[in-house]
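Here's the structure we're looking at; comments come further down.
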Amino acid sequence: MAVSGIALVLFLFAHAAGNLKIFVGNEDFDHYAHWLRTIGTPLLPDVWFLWIMRVGLLVAVLAHIWSATVLTVRAKKARPVKYAHRPKIQGSYAARTMRWGGVLVLLFIIYHLLDLTTGHLNPVGDSSRPHANVIADFAPDRWYVTLFYTVSIIAVGLHLQHGIFSAVRTLGQQTKHGERRAKAAASLLALALVAMYLSVPFAVLTGLVD
Amino acid sequence: MNDFWIEGEPVVDKAAPDGPVETRWERRKFAAKLVNPANRRKLTVIVVGTGLAGGSAAATLAEAGYRVKSYCYQDSPRRAHSIAAQGGINAAKNYRNDGDSVYRLFYDTVKGGDFRARESNVYRLAQVSVNIIDQCVAQGVPFAREYGGLLDNRSFGGTQVSRTFYARGQTGQQLLLGAYQAMERQIGLGNIEMNARHEMLELIIVDGKARGIVVRDMVTGEITTEFADAVVLASGGYGNVFFLSTNAKGCNVTASWRAHRKGALFANPCYTQIHPTCIPESGSHQSKLTLMSESLRNDGRVWVPKRAADCQKPAAEIAEEDRDYYLERIYPSFGNLVPRDIASRAAKNVCDEGRGVGPGGLGVYLDFADAIKRLGRKAVEAKYGNLFEMYERITGEDPYATPMRIYPAVHYTMGGLWVDYDLQSTIPGLFVIGEANFSDHGANRLGASALMQGLADGYFVLPNTINNYLAAGPFPSLSEQDAPVVEARKQVEDRIKKLLEINGDRTVDSFHRELGQIMWEYCGMERSEEGLTKAVGLIRALKEEFWTRVKVPGKGEELNQNLEKAGRVADFLELGELMCIDALHRRESCGGHFRAESQTPDGEALRHDDEFSYAAAWEYFGADGKPTLHKEELNFEYVHPSTRSYK
Amino acid sequence: MDIKVRVWRQSGPSSAGQMVTYDVKDISPDASFLEMIDVLNETLILNGDDPIAFDHDCREGICGACSMVINGVAHGPEKATTTCQLHMRHFKDGDVIDVEPWRAAAFPVIKDLVVDRTSFDKIIQAGGYISAPTGTAPDAHATPVPKKDADAAFEAATCIGCGACVAACPNGSSMLFTAAKITHLGLMPQGQPERDTRVIDMLQAQDDAGFGGCTNMGECAEVCPKGIPLSLIGRLNSDYRKAISKH
């Protein structure tokens, strides 16, 4: 859970950094997208690196889902009879929404791939013009897409707020002082990521980027 | 001779070596027969109880290679009531270089026991005390340490040397977990068969030897007979005869009493220790009492209003000159630090005068106002913070703002089954260790000595002495059909059936409460011939009422907590009577036993060594007959009886 | 004060259970929660009903026997307080209070509020000890222990094994219990030789007993009556990582 999660968090930051290219300029953004396909050349043939990345991510996602499923199944088995009275849990909101939050994030990723990777669900759907795809996606009349995107990104943020701390703990963080720092860092990183991802659709929505 | 008891032949401790006290234990160990390691696997020992004594004995016997079967009524051996001991454990390590020694610990313990304990046993206790600390440290018990990494010690219970090892206020817990973990290790290795939630209800004696027990599985209600080559009782004390005590709710005398009924002598039942600093009762719902560390008396001042009329007023409204700091007034040199029994009795006296405070007038103030003024709130908090919190949690009162209320409560019982130097009872093959026996504390136990004795018996004494008995084994194997086995089982089944069939109109608890009130009133801090005589009559009547009016709901073949309680209360009713008779026969005051008729002109305890320098071992004579008294003379070759004075 | 309690009643391990409502009249605010149940039981017995079975023993917060989930919270609303030390003054007249047993597959219900916690003993059997047979010990001062370590070990060792951590954990995990013992023994020099096998074996025993996995949610530490901190789980994880990398 922790190892696959950390790999995915690193990817999310790289992905977010790329997204911000859109503020530099349309061409730069398209150029960046194109560059992704050429990384590693000429050592590797074109697009190979991208596929290696994709396979790596898929493995991480599957490992993450698999571990989560094992934990969930164990948890269900560990408490066959539910409490009749179960109040709001005392720990954090983020911690107790990991599972449903995770499912939401997964659904979003599938949609996101069909939208901006394969182009099937995108109004433009032209893989040679990623910038146009993005602009079309978050057009004001498609507010529901922006809303879903926003909700999903916030879900990712909450998932990471607990996830990053939990990963650090699982890997052996053990002091109370460190716990406070790990929790603060997790919140900060999650917040930064949410801000980075949300800046794009809202920039499109407000016409800052077109 | 008299209406209450018969005097029988003296009882003699045949296992005790004579000669110089320093070498008696060595010589006994050398003279005792050994068991070949290969033969130990063929020998089974039953251990009842998993507290400090039972847990340490079970672990040690299993390590030695015996097959051990262990029983406890709790759901896990870790919950035995030793866990609640707060203060510490004494050991003659002399790590402080303050003049402590085995001899001094021996001397203090004999004197503290008011010259009613055996010198041989106490000396051995002091000797092995040093091994206990080594053993516990090796197990990882996190004792308090100093900055240099060495063990910290404190002075405890009025001794002049610092010999008490402790783990904050949870020494009992940490020591018990050490023994429990050693025991779990042996359970994991298959050397101990653990039976939690099992209660011993009868002893099986075959050919005059203790050969097993009858137990009830408290979950299913199943009755089984368990066989062994020797039986060890480590079932604790009987303070719950008073209903309200600092004991756990489940603590009971049943295992000991069943053995007593089958012939084991019960010694000095009237010696009970009453602890002065407990939280008073808050009402009729009260189910137990909670002890607060005696260390509170180091800085707190004990007082009550001078006039009974002031008792209803809040403490803050009682002017300084209207307060009676009675301990400081009566005992100017020791003041608030007088020994437990004296502090307890003084509290009872002022409450009897109608000057008690709080619900029912059963309480005295323990005031920290002066300490807070002198040391500052911070310092008081650092020293007693956790105790203050505990007090506030229970009473809802803030002890920084209003004085604490305290009252004495039954805390420990020095009496128990009579054992010889080998810790063997008068029934061959039945050994008794820890608080369940009578051997080491005499008429009064010193602070931090209970943990010492429990672990001494379990780790070091019993595992050496039991070999001498087991060397004659394995004994002939038994079957369920053997007459004594069938009979013991039938006794248990009949008793359960009888309890369930009465179906009367009073709950078990109501009887237990009433018995407790009789015991507290007449066999508590101060006893008199008149009161004790009356108590015997009241208890006999109550016993009769119990067996005709008690209502035990449910069945025998299920978890039935009221059935468990009913059996225990039935035994407490018989024990209570014996305690009163023992108290009646001992027309002297000593240690935890204060007879109103035997006091000095200033109201201090007065011993009569010429008449009562013996342990009173009682033989059971049927529920309605008279018990027989067997005296064991006590000889003091080293520590000569003297009178305590704390004025 | 007058209150109502809704209590889980289950006649045996295999029977179905249900919440049953009882009125408790005129209970003193100074009574403890268990004394309130005592008072209720006295009434039930005299009315010919089956009294409520519940585990309890020392009633001073140290034995770890008492185990009630009160209004959904293990040991009830007061922080760092066992059920036996919870007093009725923390409730209001007219309150309806739900009382349930610990719920976990590894703690099956025996009757009403009584559960079987033998699985905790099994975890200790697997390695929660230092092997030091009686008589083998060197002098207590042979190995000094830094005060800081001894104090931290003591803090971890104050665990009373009540199981509230499991009862509260959404995953039904016993990680805090196991971590407390790993920490206690792992901080003492005497505990070093078995440190690696201890953590591996205890975790295995914990999984075998049917406890859930830990996701660091922290519900356990919130309800722990002894305030065992969540950070100890990190220590266990660190020990585990080191142990498996060596084996």
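The values are calculated or read from the model by the stated rules, or taken from the named source; none is laboratory data. Nothing here was measured: the structure is a model prediction, and the numbers come from that model. Reconstructed Cβ throughout: ideal geometry from the backbone, glycine too, with neighbour counts over all protein chains shown.
The single condition among (1) part of a helix (DSSP H, G or I); (2) within 21 Å of residue B:137 (Cβ to Cβ) that residue B:100 does not satisfy is (1). Please work out if residue B:502 is over 23 Å from residue B:204 (Cβ atoms), within 14 Å of chain C (Cβ to nearest Cβ) and aliphatic (A, V, I, L, M). When the stated conditions are applied, residue B:502 passes them.
Screening residue C:221 against (1) out of contact with any Lys or Arg (no Cβ under 7 Å at 6 or more places or on another chain); (2) closer than 26 Å to residue B:83 by Cβ; (3) in a helix (DSSP H, G or I); (4) within 14 Å of chain B (Cβ to nearest Cβ) leaves a single unmet condition, (4).
Under 24 Å from residue B:62 (Cβ atoms), facing chain B (nearest Cβ under 7 Å) and surrounded by fewer than 22 Cβ atoms within 10 Å (Cβ to Cβ): which single residue out of C:133, C:146 fits that description?
The match here is C:133.
Within region B:135-166, can you find the residues that are facing another protein chain (nearest Cβ under 9 Å), under 20 Å from residue B:83 (Cα atoms) and outside any loop (DSSP other than H, G, I, E, B)?
Passing the criteria: B:135, B:136, B:137, B:138, B:165.
Filter region A:114-142 down to the residues that are without any contact (Cβ under 8 Å) to a residue 12 or more places away in the chain and in a helix (DSSP H, G or I), then identify the one that is nearest to residue A:25 (Cα to Cα). So, considering only residues that are without any contact (Cβ under 8 Å) to a residue 12 or more places away in the chain and in a helix (DSSP H, G or I), the one nearest to residue A:25 (Cα to Cα) is A:132. Does at least one position in region C:208-217 carry a residue that is closer than 26 Å to residue C:83 by Cα, part of a loop (DSSP other than H, G, I, E, B) and more than 9 Å from chain A (Cβ to nearest Cβ)? Yes; the residues of region C:208-217 include at least one that is closer than 26 Å to residue C:83 by Cα, part of a loop (DSSP other than H, G, I, E, B) and more than 9 Å from chain A (Cβ to nearest Cβ). In region B:170-179, the count of residues that are within 13 Å of chain C (Cβ to nearest Cβ), assigned to a helix (DSSP H, G or I), out of contact with any helix residue (DSSP H, G or I) (no Cβ under 9 Å at 6 or more places or on another chain) and at negative phi is zero. The residue list B:104, B:78 contains one member that is under 23 Å from the mean Cα position of the chain (by Cα) and not acidic (Asp, Glu), which is B:78.
Residue C:89 satisfies every condition listed in (1) surrounded by fewer than 19 Cβ atoms within 10 Å (Cβ to Cβ); (2) part of a loop (DSSP other than H, G, I, E, B); (3) facing chain B (nearest Cβ under 9 Å) except (2).
From the list B:568, B:607, the lone residue that is more than 24 Å from residue B:251 (Cα to Cα) and either at pLDDT 95 or above or not in a loop (DSSP other than H, G, I, E, B) (or both) is B:607. The single condition among (1) surrounded by 12 or more Cβ atoms within 10 Å (Cβ to Cβ); (2) part of a helix (DSSP H, G or I) that residue A:46 does not satisfy is (2).
Pick from region B:103-134 the residues that are of a type outside the set (Gly, Ala, Ser) and not in a helix (DSSP H, G or I): which of them is nearest to the other protein chains (Cβ to nearest Cβ)? In this case the residue turns out to be B:118. Does region B:124-134 contain at least one residue that is without any contact (Cβ under 8 Å) to a residue 24 or more places away in the chain and on the phi < 0 side of the Ramachandran plot? Among the residues of region B:124-134, at least one is without any contact (Cβ under 8 Å) to a residue 24 or more places away in the chain and on the phi < 0 side of the Ramachandran plot, which makes the answer yes.
Taking helices (runs of 4 or more DSSP H) that fall entirely within region B:477-559, which contain at least 1 residues that are surrounded by fewer than 22 Cβ atoms within 10 Å (Cβ to Cβ) and either more than 27 Å from the chain's Cα centre (by Cα) or β-branched (Val, Ile, Thr) (or both)? Counting at least 1 such residues, we get B:483-502, B:529-549.
What do you reckon, is residue C:196 at pLDDT 95 or above, over 23 Å from residue B:78 (Cβ atoms) and within 14 Å of chain B (Cβ to nearest Cβ)? Judged against the criteria, residue C:196 is not a match.
Considering region C:42-81, the residues that are surrounded by fewer than 18 Cβ atoms within 10 Å (Cβ to Cβ) and among the aliphatic types (A, V, I, L, M) include one that is modelled with the lowest pLDDT, namely C:80.
So which residues in region C:26-41 are more than 7 Å from chain B (Cβ to nearest Cβ), part of a helix (DSSP H, G or I) and either more than 23 Å from the chain's Cα centre (by Cα) or modelled with pLDDT under 95 (or both)? C:40, C:41 - these are the residues of region C:26-41 that are more than 7 Å from chain B (Cβ to nearest Cβ), part of a helix (DSSP H, G or I) and either more than 23 Å from the chain's Cα centre (by Cα) or modelled with pLDDT under 95 (or both). Every residue in region B:310-341 that is part of a loop (DSSP other than H, G, I, E, B) and surrounded by fewer than 15 Cβ atoms within 10 Å (Cβ to Cβ), please. Scanning region B:310-341 gives B:313, B:314, B:319, B:332, B:333.
Residues in region B:217-245 that are closer than 19 Å to residue B:53 by Cα and among the hydroxyl-bearing types (Ser, Thr, Tyr) were compared, and the one that is nearest to the other protein chains (Cβ to nearest Cβ) is B:235. Within region A:155-172, not a single residue is farther than 20 Å from residue A:1 by Cβ, assigned to a helix (DSSP H, G or I), among the small types (Gly, Ala, Ser) and modelled with pLDDT of 90 or more. Restricting A:129, A:99, A:181 to those that are of a type in the set (Lys, Arg) and either away from chain C (no Cβ under 14 Å) or surrounded by 19 or more Cβ atoms within 10 Å (Cβ to Cβ) (or both) reduces the list to A:129.
Selection of first residues in region C:225-247 that are more than 7 Å from every other protein chain (Cβ to nearest Cβ) and under 13 Å from residue C:201 (Cα atoms) and of second residues that are among the small types (Gly, Ala, Ser) and part of a helix (DSSP H, G or I), restricted to Cβ pairs under 7 Å at least 6 apart or on distinct chains, gives the following pairs, ordered by first then second residue: C:236/C:179; C:239/C:186. From the list B:567, B:591, B:531, the one residue that fits, being of a type outside the set (A, V, I, L, M, F, W, C) and at positive phi, is B:591. Would you check which residues across region C:42-67 are under 19 Å from residue B:171 (Cα atoms) and within 7 Å of chain B (Cβ to nearest Cβ) and list them? Correct list: C:57, C:58, C:59, C:60, C:62, C:63, C:64, C:65.
Restricting attention to region B:27-66, the residues that are of a type in the set (Val, Ile, Thr) and part of a helix (DSSP H, G or I) add up to 1. Does region C:151-167 contain any residue that is over 17 Å from residue B:175 (Cα atoms) and either part of a loop (DSSP other than H, G, I, E, B) or in the same structural domain as residue C:82 (by TED's automatic domain parsing) (or both)? So far as region C:151-167 goes, yes, one or more of its residues are over 17 Å from residue B:175 (Cα atoms) and either part of a loop (DSSP other than H, G, I, E, B) or in the same structural domain as residue C:82 (by TED's automatic domain parsing) (or both). Residues that are assigned to a helix (DSSP H, G or I), among the small types (Gly, Ala, Ser) and closer than 25 Å to residue A:169 by Cβ do not occur anywhere in region A:24-35. Here residue C:140 passes the criteria (1) buried (at least 23 other Cβ atoms within 10 Å of the Cβ); (2) in contact (Cβ under 8 Å) with a residue 40 or more places away in the chain except the one numbered (2).
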